[in-house]
Structure formats: structure tokens, C-alpha cells
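Everything below concerns the one structure shown next.
Any read-out appearing in this document is the output of simple, stated calculations on the displayed coordinates, not a laboratory observation. Predicted model only: the values in this text are computed from it and were never measured. A quick note on method: Cβ atoms are made from the backbone with ideal geometry, for glycine too, and the neighbour counts reach across all protein chains shown.
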Amino acid sequence: MTGQHHYKVTIKWTGNNGQGTKDYRSYERSHTVLIEGKQDIFCSSDPSFRGDKTKQNPEELFLASISSCHMLWYLHLCAVKGIVVIDYSDNAIGTMQETQNGGGNFTEVTLHPVVTISDKTMIETANELHKKANELCFIANSCNFPIHHNSTCITQNA
């Protein structure tokens with residue numbers, strides 16, 4: 001299946017404290033991500049950039065997108081290969097570097113998936129599928145920095 005896919009989100013700034021952006025400290029970074037028919041996501045900037053630490057920030061959501069896309073491809077590939085995944089979790093870590101002009105960029109991401117499968121004879125194949133999942137992941141293919149994988153695969157009764 002090939003084709004073009006289009007996505008639509010609305011971002012609504014909710015941080016006007018009555019003075020707009022009069023100065024750098026006069027407004028909150030709060031905003032809401034709205035996607036039709038789905039639950040709103042309440043966001044802010046990272047606390048390092050005057051954000052609300054209780055809300056999601058773009059950097060965290062970006063990292064979650066990489067991890068989620070990888071997981072979804074990985075689960076697909078396991079299903080195709082006959083590997084029964086019982087559990088999957090990932091503690092993804094990303095590094096963003098600020099630049100002299102005030103901007104920044106991610107320099108690397110490391111995924112740490114822990115996968116539980118039902119058949120110990122499939123552990124080697126299950127571990128190899130992370131490479132293929134990374135090659136197919138839409139989000140990973142859109143990144144210009146390395147995405148590493150430090151995966152662990154165990155069996156249900158291990």
C-alpha cells in the first residue's frame with residue numbers, strides 16, 4: 001500500500017494572561033492540541049523555557065511519537081513472523097541541544113524497549129526485528145539524528 005496521508009491538528013494558545021505577549025514574562029506557554037474526535041492534550045513548553053511542568057511539552061510528545069511508531073511497527077513485524085508479544089514497554093530517552101541562536105535540535109534518541117514474548121526460541125528473531133522496525137518507522141525516517149535501540153527480550157516465564 002502506497003499513498004499520501006494527511007493529518008490535521010489544531011493548536012490553541014491558552015496562555016494569554018490579559019497582556020498578550022507584552023514581554024517575555026507576561027504570558028504562559030500553555031496551549032491545547034485539538035484533534036477532531038479525540039481527547040484534548042494540554043501542553044506547555046518545557047519548564048526550562050518557562051513552561052508548566054504538569055503539562056505535556058513538544059519535546060516529550062516528539063519522543064513519544066518516535067517510541068510509539070517504533071513499537072507499532074515492531075508489533076506488526078512480530079505478528080507477521082509468528083512471534084507472540086505478551087508485553088511491551090519502552091523508556092525512551094532523547095537529547096536535545098540548544099544552539100547559540102536560541103533554537104535547538106535533537107541530537108539522538110535511545111529507545112529501551114523491554115519485550116516479553118511467549119516462545120524463548122524466538123528471542124533472537126525478536127531482537128533482530130527492532131532494526132527492521134526502525135527502517136520502516138515513519139517518524140524515525142523523518143528524523144535527521146541517530147535513533148539507537150537498547151532492547152531486552154524475555155519470555156513470559158523467565
Hydrodynamic radius of region 58-155 per Kirkwood, over alpha carbon pairs, in Å: 14.0
³J(HN,Hα) computed for each position of region 97-107 - Karplus, 6.51 cos²θ - 1.76 cosθ + 1.60, integer Hz, glycine/proline x: 10, 6, 10, 4, 7, x, x, x, 7, 6, 10
By count of other Cβ within 10 Å, fewest leading, how are I117, I86, I41, I139 ordered? I86, I41, I139, I117
Net +/- balance of residues flanking N141 in space, Cβ distance below 14 Å, scoring K and R +1, D and E -1: +1
Which ³J(HN,Hα) values in Hz, rounded to whole numbers, follow from the phi angles of region 35-51 under the Karplus curve 6.51 cos²θ - 1.76 cosθ + 1.60, where θ = phi - 60° and Gly and Pro get x? 10, 3, x, 10, 5, 5, 10, 8, 10, 7, 8, 4, x, 5, 10, 6, x
Let me see the pair-distance distribution of region 10-49: every alpha carbon pair, 10 Å bin width, integer percents in order. 29, 47, 20, 3
Taking R0 as 30 Å, what's the FRET efficiency between N150 and F49 from their Cβ-Cβ distance, rounded to 0.05? 0.60
Working from Cα positions, state the angle (0 to 90°, nearest 10) between the long axis of helix 58-81 and the longest principal axis of the chain. 20
Which value in nm describes the separation of the simple spin-label points at E36 and T95, placed 7 Å from the Cα toward the beta carbon? 4.2
Charge dipole (debye, nearest 20) of region 76-158; +1 at Cβ of Lys and Arg, -1 at Cβ of Asp and Glu: 160
At R0 = 30 Å the Cβ-Cβ FRET efficiency linking S26 and E60, nearest 0.05, sits at 0.75
Give the residue list of GluC sites (Glu not before Pro) in region 1-100 that are DSSP loop and have at most 12 other beta-carbon atoms within 10 angstrom. E36
Taking springs between alpha-carbon atoms closer than 10 angstrom, which of V115, V85, V33 fluctuates most in the Gaussian network model of the chain? V33
Using only Cα atoms and rounding to the nearest 10 degrees, what angle (0 to 90) does helix 123-136 make with the longest principal axis of the chain? 40
Could you list which residues have their amide H under 5 Å from that of E108, counting only those 5 or more apart in sequence or on another chain, with H placed in the peptide plane? T95
Using only C-alpha positions, report the orientation-averaged shadow area of the convex hull of region 1-107, nm², one decimal. 10.5
Using Cβ contacts closer than 10 Å as the measure, can you line up F42, F138, F106 from fewest to most? F138, F42, F106
Quick check: net charge around M96, other residues with Cβ under 9 Å of its Cβ, Lys/Arg +1 and Asp/Glu -1? -3
How much net charge surrounds G51 when only other residues with a Cβ under 9 Å from its Cβ are counted (Lys, Arg +1; Asp, Glu -1)? +1
Sorted by chain and then number, the residues having a modelled amide H within less than 5 Å of the amide H of I117, at least 5 places away or on another chain, are I86, I154, T155, Q156
